[in-house]
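Everything below concerns the one structure shown next.
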Amino acid sequence: MKRSAHRLHLRATAVLVSLAFAAQLAWAVTPFTVRDIRIEGLQRVEPGTVFASLPVRIGDTYNDDRGAAAIRALFALGLFSDVRLETSGDVLVVVVQERPTIAAVDFAGNKEFSNEVLQGVLRDAGVTSGRAYDRALADRAEQEIKRQYINRSLYGAEVQTTVTPTERNQVRLTFNIVEGRPARIKDISIVGNHAFDEGTLKDLFNLDTGGWLAWYTKSDQYSRSKLNADLEALRSYYLNRGYLDFKIDSTQVAISPDKEAISITVNVTEGQRFVVSGVSIDGNLLGRDDEFKSLISIKPGEAYNAEQVAATTKAITDQLGNYGYAFAKVEAVPDVDRANNRVAIELRVDPERRAYVRRINIAGNNRTRDEVIRREFRQYESSWYDAEKIKLSRDRVDRLGYFTELSITTAEVPGAPDEVDLNVEVKEKPTGNISLGAGYSSAEKLSFTFGLSQDNVFGSGNRLDLQLNTGKFNRTLVVSATDPYFTSNGVSRTVEVYYKTQKPYQDQGGNYTLVTMGAGLKFGVPVSELDTVYLGMNLERTRIKPGTNIPASYLDYANRFGYSSTAFPFTLGWSRDSRDSALAPNSGRYQRLMGELGLFGDARYAKADYQYQQYVPLSKAYTLAFNGEAGWGKGLGGRPFPVFKNFYSGGLGSVRGYDQGTLGPRDVTGAFIGGTRKFTLNTELMTPFPGAGNDRTLRLFAFVDAGALYGDGEKISASALRYSTGIGLSWISPLGPLRFAWAVPLRKRPGDRIQRLQFQIGTSF
């Protein structure tokens, strides 16, 4: 039996060897000298492309090795699905079959992404019209499309490719997409925590299981980058509370079989809590030991706080930079006593060398002139390097609003260890703006706005504005031009021409119209980086156009001084703004004081208006806001205060819950005529909308308002005060800041007009 099996094995081996030898003889070519090369099968590919890739030339000796090399080279082009080499005497014949090319790329079933977006994604992956097609390329395109959907939490998305042949060996690719439903986070678990409860830790995450507003916030849609940010927030939370050995052991993300639910599990090890036993600072302190020690915010006896350590090292580094030490190094070295859970921190300071700025190089400003950028710099060439002045310079250039990107880097000067160059790189954005809009408020009803502005005229930094507002009761047309550097030290100049009409709100009584036209010249004098003083003078002409019902006070003023009044008011103002945001502030302060003084003309008066805002962050979610406003006006030269300059109160922006402009004195006709003295106080407690996560563009607020309006000669008393409380909603919408308020008046007097629900687009407080 064994002998039979052995003989069978030998026979099989002999057969295989014979076949291999026969195949070798069949493919083997006797070497010859190539007298000509002919190419067959080309449709779109140029013959020169083939000839350039062939390792065989006319006159060369052709053999099997060169033939194999030629086939490999032609396949490497990626243009052919088949390549054969044939010989006809001493002529080498190259027979090719071209791959089909992509004629067009189409998509079907996509809703999450537009065709243009998906085409751009595939273009980056090498799939586009005109490229050679193969199945591997289509597979890569499918995976790239799926990757885009995964980034949107659409893990169940399916992509199938349909290849349709067309004329001239071309194909049309159609990607049929079934998007499915987005995967939602159903559960987030933190395992291993003992010092803090799970709810507290999960509040640190921007990712959550969603609420009824998840369609807006999309906080329940998984994203790896968002999860990494949340994990970093979790790590910082522990490190800032003394847990030096805290670590995240693992993060598990599990998806359900239907790919619509995601569970996240974070496993942590807290370790022990460490207390700071002491802080020391060593190194070259430039003889300013007390100054640098005062910058230490790390407090012995308290829990180790990584945030305090980072803030301390940064403060010392920045201070050294303010003295010209551009390359200063500050290192915090902890000495951990694990037996007693204590840590001593040593701050090692090395200022290295002092440097001054040789040159400031500006790049990227194709339209904006260099001088427009340079005049905002407080760090000068040939001056000692000052980190604080460089930061201030960057902020000032950024506030111009001319650039989408701005970076300032420090570069050493070769051969000059005490010199550095500042390289300023900017990316310009269009500074012209045309705005068309519509707004609706409970007082003004429907209004249209048009604006035309150019912030950087011809790259000079000057501004031109045209503003038009067509409200039902207030209409405005303003044309202004501003030169921010009218003088070399930064004094600005604004010239404006305006035309305004004002009618009483429907509940104020009367149907008269105030028409004001004028021109003004205003100068802004920078006092500090946050403070600006404004000086100006206007020429105004105000005309009272009586209707069928005009308040008696207006009629009396017109009979005494005429229906038209000319005034030459001088304006004096001051503003200071340190808020972190003008639209959705969370911290900071804003102050504004504006005054008018009319000494000449028909209307002679003095008027002042002061506003104060303070924002206090109570926590990550809650912000307490205060707004106070006081106004005062008085007639001069024995004349009464002009009635058309009166203050008004009531409604949004003052005391909510009362009709717009209906608080204060009335005349004998019952019309609300405003007053000469005004007081308003608003308090708001703001929090993100339930279900909106930490999104501060959509916030709820509870408020308490108080205010009063007094007429000329009226005694100021608390009996005139009105109070209200309520809740509201603020939203930074695509149309602008939108605010709703539901108010309950707490003090009502006979004749008060109540309006509990009020709303407006563009109200600031």
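Readers should treat all values here as calculations from the given coordinates under stated rules, not as data from a laboratory. Model, not experiment: these values are computed from the prediction. Neighbour counts are summed over all protein chains in view; Cβ atoms, including those assigned to glycine, are modelled from backbone coordinates with ideal geometry.
Computed values, structure above
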{"item": "Straight-distance crosslink candidates among lysines, where the alpha carbon sits under 27 Å from Lys389 and sequence neighbours closer than 8 are dropped", "result": "Lys293, Lys314, Lys329, Lys427, Lys429"}
{"item": "Cβ-based exposure ranking for Glu167, Glu198, in which fewest neighbours within 10 Å come first", "result": "Glu167, Glu198"}
{"item": "For segment 520-670: rounded, prolate or oblate by the Cα gyration tensor [a/c cutoff 1.5]", "result": "oblate"}
{"item": "For segment 29-98: rounded, prolate or oblate by the Cα gyration tensor [a/c cutoff 1.5]", "result": "prolate"}
{"item": "Exposure proxy order (Cβ contacts within 10 Å, fewest to most) of Val655, Val357, Val343", "result": "Val343, Val357, Val655"}
{"item": "Qualifying lysines (Cα of each under 19 Å from Cα of Lys634; at least 8 residues distant if same chain)", "result": "Lys607, Lys645, Lys678, Lys715"}
{"item": "Coil-residue GluC sites (Glu not before Pro) of segment 326-406, DSSP, other Cβ within 10 Å capped at 14", "result": "Glu352, Glu381"}
{"item": "Fraction of beta bridges assigned by DSSP in the chain that are antiparallel (%, nearest 5)", "result": "85 percent"}
{"item": "Glu529, Glu684 arranged by Cβ crowding within 10 Å, fewest neighbours leading", "result": "Glu529, Glu684"}
{"item": "Ratio of Rg to Rh over segment 275-350 (Cα coordinates, Kirkwood Rh, two decimals)", "result": "0.99"}
{"item": "Per-residue ³J(HN,Hα) for segment 68-78, Karplus 6.51 cos²θ - 1.76 cosθ + 1.60, θ = phi - 60°, Hz, x for Gly and Pro", "result": "5, 5, 5, 5, 4, 5, 6, 5, 5, 5, x"}
{"item": "All lysines inside 24 Å of Lys218 as judged from Cα atoms, apart from same-chain residues fewer than 8 positions distant", "result": "Lys111, Lys146, Lys186, Lys202, Lys226, Lys259, Lys620"}
{"item": "Cβ-Cβ FRET estimate between Leu757 and Lys146, R0 fixed at 45 Å, reported to 0.05", "result": "0.40"}
{"item": "Cα-centre dipole for the chain with unit charges at Cβ (Lys and Arg positive, Asp and Glu negative), debye to 20", "result": "2160 debye"}
{"item": "When the chain is reduced to its Cα atoms, the Kirkwood hydrodynamic radius in Å", "result": "34.5 Å"}
{"item": "Asn549 long-range amide H proximity, modeled H, under 5 Å", "result": "Asn511"}
